[in-house]
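To start, the structure itself, in structure tokens.
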Amino acid sequence: MFFLSVENTCRALTESDAPQNGALQCHFFELENSRYCTIRCNEGYELPPHVNSYDMCGPQTNYSWSFEQ
């Protein structure tokens, strides 16, 4: 019998995931095996209503970003 070990991780976000007129600031929390990203807008821009200024990915989200669901 063989056992396969699969490590659950979140995809690291890149510049291409950032808003066109903004940026992402992300942190990895090893103990939680989670990533948290804050979404920032350039001066003169703001997030649309009902859009979170952060996103997270980890065991709580089944290792997917909420904007990908």
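Observations, loosely collected:
- In this simple spin-label approximation, Glu43 and Gln20 carry label points 7 Å from Cα along the Cα→Cβ vector, and these lie 2.1 nm apart.
- Cβ charges +1 (Lys, Arg) and -1 (Asp, Glu), total dipole of the chain, debye: 80 debye
- Taking the 1.4 Å solvent-accessible surface of the chain as the whole, the part contributed by carbon and sulfur is 51%.
- Each peptide among 57-63, 11-17 gets the average number of other Cβ atoms lying within 10 Å of its residues, and from highest to lowest they stand as 57-63, 11-17.
- Solvent-accessible heavy-atom area per residue, rounded to whole Å², over the chain at 1.4 Å: 84 Å²
- Under Stokes-Einstein, with the Kirkwood radius over Cα pairs as Rh, the value for the chain at 37 °C and 0.692 mPa s is 244 µm²/s.
- Unmatched cysteines, the chain - criterion: no other Cβ of a Cys under 4.7 angstrom: Cys41
The values are calculated or read from the model by the stated rules, or taken from the named source; none is laboratory data. Model, not experiment: these values are computed from the prediction. Positions of Cβ are generated from backbone atoms using ideal geometry, with glycine treated the same way; all protein chains shown enter the neighbour counts. To get the accessible areas, we keep the full protein, side chains included, count just its heavy atoms, and leave off ligands, DNA and RNA. Shrake-Rupley method; radii C 1.70, N 1.55, O 1.52, S 1.80 Å.
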